[in-house]
1. Residues that are within 11 Å of the ligand (Cβ to nearest atom): list the helices (runs of 4 or more DSSP H) wholly contained in the stretch 80-159 that include at least 2 such residues.
2. Select, from GLU140, GLU50, the only residue that is among the acidic types (Asp, Glu), outside the structural domain of LYS25 (by TED's automatic domain parsing) and closer than 24 Å to SER26 by Cβ.
3. Scan the stretch 15-24 and tell me whether some residue there is outside any helix (DSSP H, G or I), surrounded by 14 or more Cβ atoms within 10 Å (Cβ to Cβ) and of a type outside the set (D, E, K, R).
4. Under 6 Å by Cβ, and 6 or more places apart or on different chains, what pairs join a residue from the stretch 121-143 that is at pLDDT 95 or above with one that is within 9 Å of the ligand (Cβ to nearest atom) and basic (Lys, Arg)?
5. One residue is enough: does the stretch 62-79 have a residue meeting the conditions in a strand (DSSP E or B) and modelled with pLDDT of 95 or more?
Amino acid sequence: MEPEHILSDTETAAIREIYRHFPEKSAACIEGLKVIQQHHRWVSDQAVRELAEILDMSPAAIDSVATYYSLIFRRPVGRNVIFLCDSVSCWIMGYDQIAACVKKQLAISYGETTSDDRYTLLTIPCLGTCDHAPAMIINEDLHRDLTTENVAAILNTYG
Ligand code: FES
């Protein structure tokens, strides 16, 4: 069961400050979701309700913004979130082999998190670095020119 309030005073203050600078509610909403995610890794229903209260929006409106942005997580994720590019140039340049390596090494499939909470594996459309396909993002880091030889070492650098 979730506690009555999960946003800390610091988070609430940060979101109120954002709201002051972004009178446009949808912009404040995105930034508020980011604040929550920075502190909790993901955005729970309770967090959505609290953000809705601060921004004077409905939880449903917050939820639809959160759902629209693939980088906002509405389910728990691991400490490191891997987004493997799943678009044409990466397919041509060996996406299947890279995906197989990653899944095998982590023993998970898309949408899953390793049992030690270390990695979550997701896909993402073209990362805009097609000339260096295949590519993936881990947290905020872009990794390009992936090969079946280098991908394991890259994953291992994330604790
Ligand atoms: S298709 Fe993967 S970076 Fe463009």
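1. In the stretch 80-159, 88-92, 95-106 are the helices (runs of 4 or more DSSP H) which contain 2 or more residues that are within 11 Å of the ligand (Cβ to nearest atom).
2. Residue meeting the stated conditions: GLU140.
3. The answer is yes; a qualifying residue exists.
4. The qualifying pairs are THR129/ARG144; HIS132/ARG144; ALA135/ARG144.
5. Checked the stretch 62-79: no residue is in a strand (DSSP E or B) and modelled with pLDDT of 95 or more.
Let's see how each residue does on (1) farther than 15 Å from ILE15 by Cβ; (2) surrounded by fewer than 18 Cβ atoms within 10 Å (Cβ to Cβ); (3) of a type in the set (Lys, Arg):
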position	(1), (2), (3)
ALA28	no, no, no
LYS34	no, yes, yes
ALA47	no, no, no
SER58	yes, yes, no
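The values are calculated or read from the model by the stated rules, or taken from the named source; none is laboratory data. As the structure is a prediction and not an experimental result, all values here were calculated from the model. Don't worry about glycine lacking a Cβ; one is built from the backbone with ideal geometry, like all the others, and counts go over all protein chains shown.
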